[in-house]
Amino acid sequence: MIHDPIPRDVQPALPLLDDEALDIADYLKSEQEAASDIHDDATHRQGLAALSLGAIGVVYGDIGTSPIYAFREALRATGAAVPGQAEVLGILSLLIWTLILVVTVKYVFFLLRADNRGEGGILALYTLVRLATGRRSVPVLLLALGGAALFAGDAAITPAISVLSAVEGMELVLPALEPWVLGVTMGILVALFAVQRTGTARVALFFGPACVLWFLTLAGLGLWHLGETPEVLRAFSPVWGVDFLLDHPGVAFVVLGAIFLAVTGGEALYADLGHFGRRPIMLAWFALVLPALVLNYLGQGAMVLAHPEQAEESFFGLAPEAGLPVLVMLATAATVIASQAVISGAFSMARGAVQLGFLPRLRIRHTAEGQSGQIYIGAVNWLLLWGVLWLVLAFGSSSALASAYGIAVTGTMVLTTILGALYLARTGRLRAPIAALAVLPILSVETVFLASNLAKIGDGGYVPVLIAVVVGFLMWCWWRGTQAMRARVAKLAIPVDSFVRMMRNSSVNVIPGTAFFLTGDPQVVPSALLHNLKHNRVLHEQTVFLTVETLRVPYATADERASVEMLGGCFLRLTLRFGFMETPNVSRAMAHARRAGLKFDVMASTFFLGRRRAVATGKGLELALDRVFVALSRMAADPTEFYHLPRGRVVELGERVAI
């Protein structure tokens, strides 16, 4: 943790406690680092090639493992004992054009350009729509909550199905290992989640090269078998896909649900936009990822046409017997990387939800200095692990999990498309009717995929829906409760201007030092100050009303970080601003406050916090919702740690608030 420095000319007169000594060391260190406390565009810090390599390892880790099971599951869904040319070419055509329409057109060509100061993801898109609208819209809010909740279901299922599908390849190497598949899968998953607290910075350097090797292997295996049946190249014609859907009306709906497995992980292109930038993500997609995926699917189709008996293991059947163990090892490594990417995405999504007021304050720890995206949230990590292990045990195989997989992904993509249309219309880039027509083809395709996956509700599709409903309900309860709490507190609030005037002729005792009173509303007097005056009847010679604002942009600039306003007498107002993708670090931001004109002695400063405890007082359904909010509030992180306040210099004063 990094703090604002003690001034060079101030020397503590008394020995410091251990915590205080650590604070001062942190303060001194941050003086040299505060100037770099800005989110720089990664493209300026690294070369295009290096960023593209990183994007291959992080952005495309999930979609890169889809060939392990997507084509296999689509073939199984046809019900054909011996897949013929119509089934194979039809499925290949659907796979190829799904990659083109959903990933290339929607994400690469459109959504990567809809960035919020370089940041992407459904919550960033929500903020763009909210800013363009100028007011809060409950329907738009529900779209954002729904997308974030469905992402939680995706984050739980992705590690389970990815690692399980790879480890199942062990059976082909040594059939006697079949009873150990679940045990090995769970062991890998436990180890993966256990190392999250150390951060991914140390292993991130291996992600890119490992995934490059993986995609080259996919392309090489596909090219090798493509020579056996080159007529599969006809699958590039969309006619084969349309004919398949028309000729197989009984199973087409089910097959489409399996086809969509090929684009799982497509949302990562947009979510990780801020980490790599648009150009590296586009370059990685067109130069390596898309060709490798298409070649591998074509190779699987060519092999099945030449050797129909390999249909049950169309991916691992691509490798010669001697190379099968190597392929299994590569697949396992690739699935672990894919799982790591979605876990990191869950951390980022949770942080964004906290900053936008959809979740209580969670304890967030940075795991890499200078890289805001490298964070660890223990509560999210262990809840995800519990959910992933339960899914592995409950379903037992990747084929069974495939039925539960598509709903979360398709649901998130449909909501993102709707928000994208609202973004085009509300920002004035396109008129509303034209915006609707522009997104209609993609939305129609995704809606069909969603409907197809909804047909699997009884086969396990209820799992991501249930997860999304629970997470969405909790997020709604928290947002509703915080709004009610603010409304209740506002009724009892005293305006700052009136308070400053009243205190000019007050007989209250004035003591040396600086007092920082944290308040969520800069226009009203902090409750902690009122309690301090009531019980202690003292006022510091410099009293600062400190407000931490969360901007509706990912990162605050250096000019936005701090502002100081003189209110009269001993009162000042300090506003610290952070983007919704940043973790508020008040101590470090104090260096910016000093540059903005605030003069204070760290050793003579105290931070006062007002703790509000919500008390549920409603009736019926409202009482139930209020009780959920009260329960969630108990899980909130300690504000001292959340805001990174100087340890040993915080005083808390509590009060009960009926909602």
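The values are calculated or read from the model by the stated rules, or taken from the named source; none is laboratory data. It should be emphasised that the depicted structure is a prediction, and the values quoted were computed from it without experimental measurement. Neighbour counts are summed over all protein chains in view; Cβ atoms, including those assigned to glycine, are modelled from backbone coordinates with ideal geometry.
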Answer yes or no as to whether L572 is at pLDDT 85 or above and either in contact with a Pro (Cβ under 8 Å, 6 or more places away or on another chain) or not hydroxyl-bearing (S, T, Y) (or both). yes
If a residue must be under 17 Å from R612 (Cβ atoms) and over 42 Å from the mean Cα position of the chain (by Cα), how many such residues does segment 474-525 contain? 0
The condition of being surrounded by fewer than 22 Cβ atoms within 10 Å (Cβ to Cβ) and more than 22 Å from V538 (Cα to Cα) holds, among L623, L598, only for L623
Hey, can you tell me all the residues within segment 592-632 that are of a type in the set (A, V, I, L, M) and under 21 Å from L518 (Cα atoms)? A593, A596, L598, V602, M603, A604, L609, A614
S30 vs (1) under 24 Å from S348 (Cα atoms); (2) over 20 Å from the mean Cα position of the chain (by Cα); (3) at pLDDT below 80; (4) not charged (D, E, K, R): all pass except (1)
List the helices (runs of 4 or more DSSP H) that sit entirely inside segment 580-646 and contain at least 1 residues that are in contact with a His (Cβ under 7 Å, 6 or more places away or on another chain) and touching a residue at least 40 places away in the same chain (Cβ under 8 Å). 586-595
Please state which one of V82, V129, V59 is farther than 25 Å from I343 by Cβ, under 27 Å from the mean Cα position of the chain (by Cα) and touching a residue at least 40 places away in the same chain (Cβ under 8 Å). V129
Any idea which residue in segment 549-568 is nearest to the chain's Cα centre (by Cα), counting only those that are part of a strand (DSSP E or B) and modelled with pLDDT of 90 or more? A562
Where in segment 191-299 are there helices (runs of 4 or more DSSP H), lying wholly inside it, with at least 1 residues that are of a type in the set (S, T, Y)? 201-226, 267-271
Considering only residues that are more than 19 Å from G265 (Cα to Cα) and in contact with a helix residue (DSSP H, G or I) (Cβ under 6 Å, 6 or more places away or on another chain), which ones fall in segment 395-411? F395
Can you name every residue in segment 91-121 that is farther than 16 Å from F449 by Cβ and in contact with a Gly (Cβ under 9 Å, 6 or more places away or on another chain)? L92, F110, L111, L112, A114, D115, N116, R117, G118, E119, G120, G121
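From the list V242, V289, V232, V294, which one is in the same structural domain as I457 (by TED's automatic domain parsing) and under 16 Å from V59 (Cβ atoms)?
Of the residues listed, the single one that is in the same structural domain as I457 (by TED's automatic domain parsing) and under 16 Å from V59 (Cβ atoms) is V289.
Quick one: would you say V471 is buried (at least 19 other Cβ atoms within 10 Å of the Cβ), in a helix (DSSP H, G or I), without any contact (Cβ under 8 Å) to a residue 60 or more places away in the chain and under 30 Å from the mean Cα position of the chain (by Cα)?
no
A quick yes/no check of all residues on (1) within 15 Å of E267 (Cβ to Cβ); (2) surrounded by fewer than 20 Cβ atoms within 10 Å (Cβ to Cβ); (3) in contact with a strand residue (DSSP E or B) (Cβ under 6 Å, 6 or more places away or on another chain):
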| position | (1), (2), (3) |
| --- | --- |
| M413 | yes, no, no |
| T416 | yes, no, no |
| L424 | no, no, no |
| G428 | no, yes, no |
| L437 | no, yes, no |
| F449 | yes, no, no |
Restrict the check to segment 183-195 and report whether at least one residue is of a type outside the set (F, W, Y), over 22 Å from R72 (Cβ atoms) and modelled with pLDDT under 85. yes
Restricting attention to segment 301-325, which residues are of a type outside the set (A, V, I, L, M, F, W, C) and assigned to a helix (DSSP H, G or I)? G301, P308, E309, Q310, E312, E313, G317, E321, G323, P325
